[in-house]
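Written below as structure tokens is the structure these notes are about.
The values are calculated or read from the model by the stated rules, or taken from the named source; none is laboratory data. No experiment lies behind these values; they were computed from the predicted model shown. Cβ: placed from backbone, ideal geometry, glycine included. Neighbour counts: every protein chain shown.
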Amino acid sequence: MGRLATINKEDVISARDYLRSTGKAHGIIAIRKHIGHGSPGLIGRLLRRGDTPGTPGFPIKSETHAVTKACGEKKYLIDALASGEKEIQRMRQTMIQLEKRVTTAETECSVMTAAIRAKEREILRQREIFENWRSDLEQERRPPIADTVQPTSLASPPTPKRYNGEQLDLYKSDNE
């Protein structure tokens, strides 16, 4: 013998009608998720019995059923509005938190920008000092302009010198 069903046809039909009224998917799995329990097979059977006239267990729609359905739809609409308001409140909280984060980030950005500008000025000053030092050093290493000897051009090339004497042998030993 099987277990007793924990859901009934009214639960399934009202869940399906609620999902339809909110524009969400209203298949067997969506109905199961909305209800929170129940087997997909049972939900499918209950939907089939409730949808087509002439099948066993299908109640003929009467005015009381329509009123009950309208009241159920109202309840679901009110629940949907309440959940929408909760979502709006949650979004407002998120917006406030994001605005705080943006303000903090902007403050940090301005502090970092000021620090970067100060470093740039410091680097420019150091570069200027270095350039001055380098140019002073180059001037010190250059020979003075007045002391430089200008090469003169000769009319004739110099003649090589000739030695008439004997060449001195530095590696010669005394014994020889």
**Request:** Confirm whether residue 73 is modelled with pLDDT of 95 or more and part of a helix (DSSP H, G or I).
**Result:** no
**Request:** Could you give me the residue pairs with C-beta distances under 8 Å whose first residue belongs to the range 72-95 and is at negative phi, whose second residue is among the polar types (S, T, N, Q) wherever it lies, and which are 6+ apart or on separate chains?
**Result:** 72/14; 73/21; 76/14; 76/21; 76/22; 77/21; 80/21; 80/22
**Complete:** By residue number, the members of the range 1-24 that are of a type in the set (Gly, Ala, Ser) and at pLDDT below 85 are 2, 5
**Message:** I'm checking my understanding of the structure. Among residues of the range 72-131 that are within 23 Å of the chain's Cα centre (by Cα) and acidic (Asp, Glu), which one is farthest from residue 15 (Cα to Cα)?
**Reply:** 108
**Request:** Pairs only if they're at least six apart or on different chains, beta carbon under 6 angstrom, first in the range 16-27 and over 12 Å from residue 77 (Cα atoms), second surrounded by 17 or more Cβ atoms within 10 Å (Cβ to Cβ) and among the β-branched types (Val, Ile, Thr); list them, first residue then second.
**Result:** 16/31
